[in-house]
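Rule-based calculations on the coordinates, nothing more; no lab input. Since we're looking at a predicted model, the values are computed, not measured. Glycine also receives a Cβ, built like all others from the backbone with ideal geometry; neighbour counts cover every protein chain displayed.
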Amino acid sequence: MVMENRVCIVGLGVVEPGGNTRGVAHKELLFHATRRALDDAGIERELIGGAITASSDFTEGRSLSNQYTLDSIGGVMKPCDLRLAEDGMHALFAGYMEVMVDPGLLMVVAAVQKPSERVGRRNGFHKILSACLDPIYNRPICNTVPHAESLEAVFGAMDARAYMERSRVTEELLARVAVKNINNAAAASGEPATAVEDVLASSELAWPLRDLTMAREKDAACTLILTSEKNAGKLRKEPVFISGVGWSTEGSHLAARSYGMSPDTQKAAHQAYRMAGIRRPEKEIDLAEVSDWYAHRELIHVEALGLCDPGETVLRIEDGGFDREGPIPVNVSGGLLGKGNSLIVSGLLRVAEVARRIRGDAVDVTSRKVCVGLAHSWGGFISPTAGVAVLSKW
Amino acid sequence: MSKKKPEMTIGGTIQVDYEWSVGNAGERFFTEIKDHKRIMGARCRTCGRVMVPPRIFCEECFVDAIEWVEVEPKGTLVTFGDCYFSTDGKRLDEPWILGIVRLNGADGGLIHFIKEAKAEDLKIGMPMEIVFSDERKGHILDISHFRPVKESE
């Protein structure tokens, strides 16, 4: 069957997390990412048919924050625009659906985050975390903890402890996950390597979470351009196909959610695999970029994505199964632990990272060819939402 | 050494105050805690699960047919996180612990402080109980904390 309306990525632009954003305004960051994406696709603003931006009010300090970002993605007065308060991966999903409906469209999907604009210790993320929780049953407790700045780490610790209880993963193995990702990022930037001992010697925030096993917030922006296969032929870049998408969200009650597992990821993956015709993800997926907001979450996610049998996780870490040259490289880009976490942008960035590796233009390409790649997003404790996108070369 | 030009920024804060309604289910839940130190759950008449915290509808069956049932203030420890360090890295004399407890016979759970226990003595799955505050005013902090069930009891 000829699928002329298969959706593909034809342009991408990124302001990398951790770069120098001093003196660059939030709107400018996103403009830079979008300009790069348009240049990558070889198009100008007049060709944009619709624009979707993802942002989060509290993290950006602006109510209805997307109003401010629409200008930066060329979306003003376009026939279609959508503004979402979720990870940018969801802007990709919405853009995907728009192109399915109208294969002639060129859609811009984007997300931006500038946590460095928040003033105070640890950029006030604990306040945002608490503000995102139910105000009746959860927030009063979170607002009375003696060290509010440790709240995120304690939540992470609750999740990690539940995971370690059911797996046989030790603190040292978690450190190995962090080392892999930190060194993947360092390999690309030429920074010195980190050792397991360094991770285990980094400050303990709330056992087993340490300074180096919890991703820190970074400024970043990411823009992708989507269109149909038919339309892509007119453009200059080889398209990267979005062959499957899926997303799912757990219930809102913090105490009723699953700890140490990710049923939302499992459900999202199931949908995406069904669409992409993937039956054995561990054999068919060449490379994955998943949320490693905390080191243990990478493992929870690879298990939920079906990339590793939960009974084999320990062995896989010990054998380097997720390393750059392993059978399924995970977070070759460095992930969130290596490059930094840009809430709202991190998931869309994972899509960009996978697309770069399928195109073969990543700066840190592995020795193998990547034909099918997977990108995953997780909303953290503020939003128990997972998204999965399967990308392919053909 | 040349001095870096300071970044030009504009400061600001957003502060908005709210009074959140606890809703019909919350009103019953908090009133029973305040007046009788009783934990009430909402049982879905369709699937039979008992929801704590209670709500007036079951999000699984999507019906608002519930009945109120009393739930024992005891349950099992789902997970916990302990903080031994202040954010500047100093070891705390008094660590604090948050935990999630699933009450016996109920679905879901409550998150609260764990006290009267050291983190090293806690284990996922162990029996826990609710300790109510002496002074109660219809609030989640009318529950003072969870503690492990004492063996003599």
Loop trypsin sites (Lys or Arg not before Pro), the stretch A:296-394 (other Cβ atoms within 10 Å of the site Cβ: 14 or fewer; DSSP): A:Arg368, A:Lys369
Within 10 Å of each Cβ in peptide B:24-30, how many partner chain Cβ atoms are there on average? Round it to a whole number, please. 1
Report, by chain and number, residues whose modeled amide H sits under 5 Å from the one on A:Arg210, excluding near sequence neighbours (fewer than 5 apart, same chain). A:Leu205
Okay, helix-only estimate at 222 nm for chain A: each DSSP H run of n ≥ 4 adds -39500 (n - 2.57), divide by all residues, round to 500 deg cm²/dmol; what do you get? -10500 deg cm²/dmol
Using label points projected 7 Å from each Cα along Cα→Cβ, tell me how many nm separate B:Glu60 and B:Lys115, to one decimal. 3.4 nm
Please work out the C-alpha center-to-center distance from the stretch A:209-260 to the stretch A:42-60 and express it in whole Å. 15 Å
Output the peptides B:7-15, A:271-279 sorted from most to least packed, where packing is the average of other Cβ atoms within 10 Å over each peptide's residues. A:271-279, B:7-15
Given axes a ≥ b ≥ c from the Cα gyration tensor, I'd like to know whether the stretch A:128-255 is rounded (a/c under 1.5), prolate (a/b larger than b/c) or oblate. oblate
Stokes-Einstein, Kirkwood over Cα pairs, chain A, 37 °C, 0.692 mPa s; D in µm²/s equals 158 µm²/s
So if I take the centroid of the Cα atoms in the stretch A:179-202 and the same for the stretch A:296-319, what is the distance between those two points in Å? 20 Å
Just to confirm the number: angle between the C-alpha axis of helix B:23-36 and the first principal axis of chain B, 0 to 90 degrees, nearest 10? 80 degrees
Non-local amide H neighbours of B:Leu92 (under 5 Å, H modeled in plane, Pro and chain starts lacking H): which ones? B:Phe85, B:Ser86
Output field shielding_mean for A:250-259 (other chain Cβ, 10 Å radius) holds 6
Cβ under 9 Å from B:Leu77's Cβ, B:Leu77 left aside: what net charge do those residues give with Lys, Arg +1 and Asp, Glu -1? +2
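Give a quick list of GluC sites (Glu not before Pro) in the stretch A:18-55 that DSSP marks as loop, anything other than H, G, I, E or B, with at most 16 other Cβ atoms within 10 Å.
On the way: sites: A:Glu28, A:Glu44, A:Glu46; in loops: A:Glu44.
Answer in residue order: A:Glu44.
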Once you have a ≥ b ≥ c as the square roots of the Cα gyration tensor eigenvalues for the stretch A:278-394, tell me rounded if a/c is under 1.5, and otherwise prolate or oblate according to whether a/b is larger than b/c. rounded
Taking amide H atoms as placed 1.01 Å from N in the peptide plane, list the residues 5 or more away in sequence, or in a different chain, whose amide H sits under 5 Å from that of A:Val345. A:Gly88
On alpha-carbon atoms, Rg over Rh for chain B using Kirkwood Rh? 1.15
For the stretch B:6-20, 3J(HN,Hα) per residue [Karplus equation, 6.51 cos²θ - 1.76 cosθ + 1.60, θ = phi - 60°, Hz, x = Gly/Pro]: x, 6, 7, 9, 10, x, x, 9, 10, 10, 10, 9, 9, 10, 7
What pairs from A:Lys127/B:Lys118; B:Lys90/B:Lys137; A:Lys114/B:Lys137; A:Lys127/A:Lys393 go past 31 Å between their alpha carbons? B:Lys90/B:Lys137; A:Lys114/B:Lys137; A:Lys127/A:Lys393
Can you order the peptides A:185-191, A:241-247 by their average number of other Cβ atoms within 10 Å per residue, highest first? A:241-247, A:185-191
Take peptide B:108-114, look around each residue's Cβ out to 10 angstrom, count Cβ atoms belonging to other protein chains, and average those counts. 6
Return the loop-located trypsin sites (Lys or Arg not before Pro) in the stretch A:14-120 (DSSP other than H, G, I, E, B) with at most 10 other Cβ atoms within 10 Å of their own Cβ; answer none if there are none. A:Arg22
